[in-house]
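Reviewing the structure listed below.
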Amino acid sequence: MEIKPMAIVLTMLAGWVNRQQTEVIEYLLENKILREKIGNKRILLNINQKRRLAVLGKKLGRKLLGQVCCAFSPDTILRWNRELVTRKYDGSKNRSKYGRPKVSDEVKQLILDMANECRHFGCKKITGYLKYLGYKVSRSTVRRVLIEHGIDPSPNRPERTTWREFVKSHWESLAATDFFTVEVHTLHGLTRYTVLFVIDYATRKVEIAGIIPQADGNWMKQMARNLSDPFDGFLKDKKYLIHDRDPLFTDRFCEILGSVGITTIKTSPKSPNMTPFAERFVRTIKSECLDKMIIFGESHLRHLVFSYCDYYHHRRPHQGLDNNMIAPLPQIENGKIVLEEKLGGLLKSYRRVA
């Protein structure tokens with residue numbers, strides 16, 4: 001019996017239609033899932049329900065799904081199917097526990113500290129120091145940490161020395177000078193006196209260079225000679241002297257100091273923070289002594305200033321020196337604690353005596 005090609009095609013078409021109808025019927029039978037959810041404003045399905053609809057919906061295709069399903073869009077059904085496939089091939093649970101470990105917060109902070117404290121360090125040098133300290137960190141990790149915190153990882157970061165770095169690196173050879181003024185009652189009326197002082201940055205010791213009613217260039221030249229005297233000058237062991245832009249610090253004043261190897265450094269305009277210790281001394285001597293006195297004559301002013309300096313050096317603790325004194329007076333161990341007073345009780349201190 002001869003079978004015609006057209007008959008074969010019709011038979012295959014009928015089989016395909018019959019199979020598609022069967023799949024549609026199976027999908028519609030799954031509407032019992034929807035009936036279980038009747039009454040809810042939003043239909044929420046569990047994983048198994050989504051899986052059953054997704055498997056059947058994948059067979060129908062997007063076009064036919066749009067005709068037979070009104071509860072969920074075809075895209076939703078197909079998305080569920082993609083999620084099922086993704087879960088099937090999810091190998092995250094089988095990943096090896098080995099690999100590059102995460103960088104701890106301690107190491108990250110150490111990297112940042114190195115970059116901030118040593119601004120010329122690049123990734124290679126930081127990596128080298130980490131290795132020396134016992135931390136195994138790659139250069140790329142160091143680079144990533146620096147970039148994440150907004151720090152240039154290359155060694156081409158600015159090499160400009162900050163004021164703080166300059167002060168710390170020249171601590172022992174650094175001093176600062178400044179003026180403060182005091183109103184004094186004299187026979188000629190109220191007179192403003194100028195006090196020139198110098199402070200040693202390392203020890204905080206203060207030297208009163210001079211007191212005069214009207215400072216001028218000639219007086220300043222003499223002060224420079226006195227301070228730079230090779231035998232007993234206060235600046236004989238210093239290399240740098242910081243001062244502000246007061247016109248009394250003349251070129252001749254700087255030349256005299258420069259002739260003995262002392263470099264003068266001018267601060268920026270209106271920058272009292274560049275001479276913090278000198279500014280603090282002025283505030284301290286005025287608030288603790290001079291502002292609490294009515295001063296009569298130059299000799300009275302000198303007595304007050306030098307008495308306070310003695311108290312400042314030997315009897316007063318300094319927070320900047322960890323609450324130690326600059327040059328404490330000797331004490332008797334386990335001696336009696338007594339209160340010592342200066343300037344009529346204006347300045348008080350305690351000490352052990354025999």
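Miscellaneous remarks
The rows are residues; the columns are (1) β-branched (Val, Ile, Thr); (2) more than 19 Å from His170 (Cβ to Cβ); (3) not assigned by TED's automatic domain parsing to the domain that holds Phe197.
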site: Asp251; (1), (2), (3): no, yes, no
site: Glu255; (1), (2), (3): no, yes, no
site: Gly258; (1), (2), (3): no, no, no
site: Ile265; (1), (2), (3): yes, no, no
site: Pro269; (1), (2), (3): no, yes, no
site: Pro276; (1), (2), (3): no, no, no
site: Arg283; (1), (2), (3): no, yes, no
site: Glu288; (1), (2), (3): no, yes, no
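- Among the residues of the range 275-292, just one is touching a helix residue (DSSP H, G or I) at 6+ places or on another chain (Cβ under 6 Å) and surrounded by fewer than 18 Cβ atoms within 10 Å (Cβ to Cβ), namely Glu279.
- The listed residue being over 23 Å from Ser169 (Cα atoms), part of a loop (DSSP other than H, G, I, E, B) and among the polar types (S, T, N, Q), out of Gln222, Gln214: Gln214
- The number of residues in the range 298-352 being in a helix (DSSP H, G or I), among the hydroxyl-bearing types (Ser, Thr, Tyr) and either surrounded by fewer than 15 Cβ atoms within 10 Å (Cβ to Cβ) or not assigned by TED's automatic domain parsing to the domain that holds Leu196 (or both) comes to 1.
- Checklist (1) free of Cβ contacts under 8 Å to residues at least 60 places away in the same chain; (2) not in a loop (DSSP other than H, G, I, E, B) applied to Val195, failing item: (1)
- Qualifying positions in the range 186-233 - among the aromatic types (Phe, Trp, Tyr), modelled with pLDDT under 95 and either surrounded by 15 or more Cβ atoms within 10 Å (Cβ to Cβ) or in contact with a Ser or Thr (Cβ under 7 Å, 6 or more places away or on another chain) (or both): Tyr201
- In the range 248-282, of all residues being under 28 Å from the mean Cα position of the chain (by Cα) and farther than 29 Å from Arg316 by Cβ, the one that is modelled with the lowest pLDDT corresponds to Lys270.
The values are calculated or read from the model by the stated rules, or taken from the named source; none is laboratory data. On a predicted model such as this, the values are computed, not experimentally measured, just so you know. Methodologically, a virtual Cβ is constructed for each residue, glycine included, from the backbone with ideal geometry; neighbour enumeration extends over all protein chains shown.
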